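Data first, discussion second: the structure below is written as structure tokens.
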Amino acid sequence: MTARKLDGTALAKTLRAEAAAEVEKIIAAGGRRPGLDVVLVGENSASAVYVASKDRACEEAGFRSAIHREPAGMSTRDLLALVEKLNANPEVDGILVQLPLPEQVDADQVLEAIDPAKDVDGFHAINAGALAQGRPRLVPCTPAGIIELLRREEIPMVGARAVVMGRSLIVGRPMALLLIGEHATVTVVHSRTRDLPEVCREADILVAAIGRPAMVTDRFVKPGATVIDVGIHRVTDPDQARDYFGAESRRFARMSENGSTLVGDVHPRLVAPVAGALTPVPGGVGPLTVAMLLKNTLAAYRARCSQGAVS
Ligand code: NDP
């Protein structure tokens with residue numbers, strides 16, 4: 001058996017088209033354009049790439065989009081002042097402060113300063129608390145995208161055994177809470193879990209978000225399980241690439257030409273023959289994260305409009 005590919009790129013395209021159609025309707029009805037403001041502090045090159053792709057996705061969907069590029073040495077106080085300004089601006093529906101922030105900035109204080117109604121990353125304690133209480137408002141984009149993928153691919157979640165690998169605030173925890181909301185029976189595993197492969201092998205749905213390249217092998221996967229690979233790691237060692245993809249694979253050939261490729265937390269060559277369905281890396285979870293950011297910005301826009309905050 002070879003796992004069915006769960007195509008995140010295709011679903012992201014659909015989600016982005018849905019967002020664009022909604023913006024068009026809003027504008028046709030004489031409404032204001034939804035707006036997302038992204039704050040980028042410093043020169044982290046991966047962050048710059050993420051921010052550029054978010055900006056492009058916003059523009060393609062017809063959103064107003066602004067990037068605030070701030071110097072690497074920015075103080076917590078100055079960043080808080082910028083967040084306050086964006087909180088007060090009625091044209092701003094979503095605020096996203098790109099992580100990681102430079103060391104001198106108190107990231108927790110900054111994230112907590114964002115108006116929860118504009119917190120499109122869903123990291124504010126008010127939004128995290130609402131999710132924990134089973135009343136989700138703005139939900140972190142990566143796990144929200146995974147739920148959307150499972151739903152639209154008709155992977156049964158009600159009553160399913162789900163194992164979430166990782167307990168971070170960005171992925172693991174909200175993922176577990178969302179799966180509970182879908183009536184799955186959820187186990188969360190982490191670096192202190194005993195008998196990790198055995199616990200994972202109980203899963204009908206296995207979500208790997210541990211930040212460890214290709215650690216999840218066939219030993220972790222029940223035959224036929226749905227495996228969601230959240231990890232993203234660059235591979236430059238040809239021996240590793242041969243192990244992950246197979247010497248005969250197109251991926252290995254392309255890696256030899258380009259000098260690098262990507263792998264997730266799941267070992268693709270070992271897991272694909274065992275799993276029933278698997279997200280590829282790239283082209284699985286990654287594109288969904290950006291698409292869900294548009295959905296969250298629209299949700300924030302709608303909620304703010306209905307509360308009379310803006311029109
Ligand atoms: P974190 O480093 O914040 O969390 C990792 C989690 O995995 C922790 O809970 C940790 O346990 C657990 N863990 C680490 N090592 C092991 C191990 N050997 N066995 C079991 N559990 C382990 O990572 P994130 O949640 O932020 O991200 C996870 C991965 O997802 C990364 O590769 C990241 O790049 C990727 N990512 C991808 C996104 C996308 O859009 N595709 C978006 C966000 C992240 P403990 O708590 O005990 O330390």
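The values are calculated or read from the model by the stated rules, or taken from the named source; none is laboratory data. Just so it is clear, the structure is predicted and the values come from calculations on it, not from any experiment. Here Cβ is always computed from backbone atoms with ideal geometry, including for glycine, and neighbour counts include all displayed protein chains. These accessible areas exclude ligands, DNA and RNA; they are computed on the full protein's heavy atoms, side chains included. Shrake-Rupley method; radii C 1.70, N 1.55, O 1.52, S 1.80 Å.
Quick check: residue separation of Glu43 and Arg161 times 0.36 nm, minus the Cα distance between them. What number comes out in nm? All intermediate terms of the calculation are to be shown ahead of the outcome.
Values: separation 118, 0.36 × 118 = 42.48 nm, distance 4.19 nm.
Difference between extended and current length: 38.3 nm.
Of the residues Ala52, Pro223, Leu293, the one whose Cα sits farthest toward the positive end of the charge dipole of the chain, with +1 on the Cβ of Lys and Arg and -1 on the Cβ of Asp and Glu, is Pro223. Express as a percent, rounded to the nearest 5, the fraction of DSSP beta bridges in the chain (both residues included) that run antiparallel. In the chain, approximately 10 percent of DSSP beta bridges are antiparallel ones.
Among DSSP bridges having both ends in the range 30-118, what percentage is antiparallel? Round to the nearest 5.
Values: 0 of 11 bridges.
Around 0 percent of the beta bridges assigned by DSSP in the range 30-118 are antiparallel ones.
Out of the GluC sites (Glu not before Pro) in the range 25-78, which ones are loop residues according to DSSP with at most 12 other C-beta atoms within 10 Å?
On the way: sites: Glu43, Glu59, Glu60; in loops: Glu43.
Qualifying residues, ordered by number: Glu43.
For the range 30-118, just say rounded, prolate or oblate: build the C-alpha gyration tensor, square-root its eigenvalues into a ≥ b ≥ c, call rounded for a/c under 1.5, and beyond that prolate if a/b exceeds b/c, oblate if not. Taking the square roots of the gyration eigenvalues as a ≥ b ≥ c, the range 30-118 is oblate. Angle of helix 285-306 to the longest C-alpha principal axis of the chain, folded into 0 to 90 degrees and rounded to 10: 30°. Against the chain, whose longest principal axis comes from its Cα atoms, helix 172-181 is set at around 90 degrees. Which lysines, on any chain, are close to Lys118 with Cα under 27 Å apart, when same-chain ones fewer than 8 places away are left out? Answer for Lys118, where 27 Å is the Cα cut-off: Lys13, Lys25, Lys54, Lys85, Lys295, listed by chain and number.
The charge dipole of the range 157-253, taken about its Cα centre with unit charges on the Cβ atoms of Lys, Arg (+1), Asp and Glu (-1) only, comes to about 240 debye.
Computed from point charges on the beta carbon alone (+1 for Lys and Arg, -1 for Asp and Glu), the dipole magnitude for the chain about its Cα centre is near 600 Debye.
Note on the chain: semi-axes of the ellipsoid equivalent to its C-alpha gyration tensor, largest first and rounded to whole Å, are 34, 22, 20. For the chain, the per residue solvent-accessible surface stands at 47 Å², with DNA, RNA and ligands left out and a 1.4 Å probe.
For Gln104 and Arg56, compute 0.36 nm times the residue count separating them, minus their Cα-Cα distance, and round to one decimal in nm. Mind dumping the intermediate values first?
Values: separation 48, 0.36 × 48 = 17.28 nm, distance 2.94 nm.
The span from Gln104 to Arg56 would gain 14.3 nm if fully extended.
Leaving ligands, DNA and RNA out of it, report the carbon-plus-sulfur percent of the accessible area of the chain at a 1.4 Å probe. If you can, show how the numbers build up before the last one.
Details: 7610 of 14620 Å².
Carbon and sulfur atoms account for 52 percent of the accessible area of the chain.
Positive end of the dipole of the chain (Cβ unit charges, origin at the Cα centre): among Leu36, Ser168, Val188, the Cα lying farthest that way belongs to Val188. Taking the Cα atoms only, what angle lies between the long axis of helix 45-60 and the longest principal axis of the chain, rounded to 10 degrees? Tilt of helix 45-60: around 70 degrees.
Between amide H atoms placed 1.01 Å from N, distances below 5 Å from Val235 occur with Thr261, Leu262, Val263, all of them 5 or more places distant or on a separate chain.
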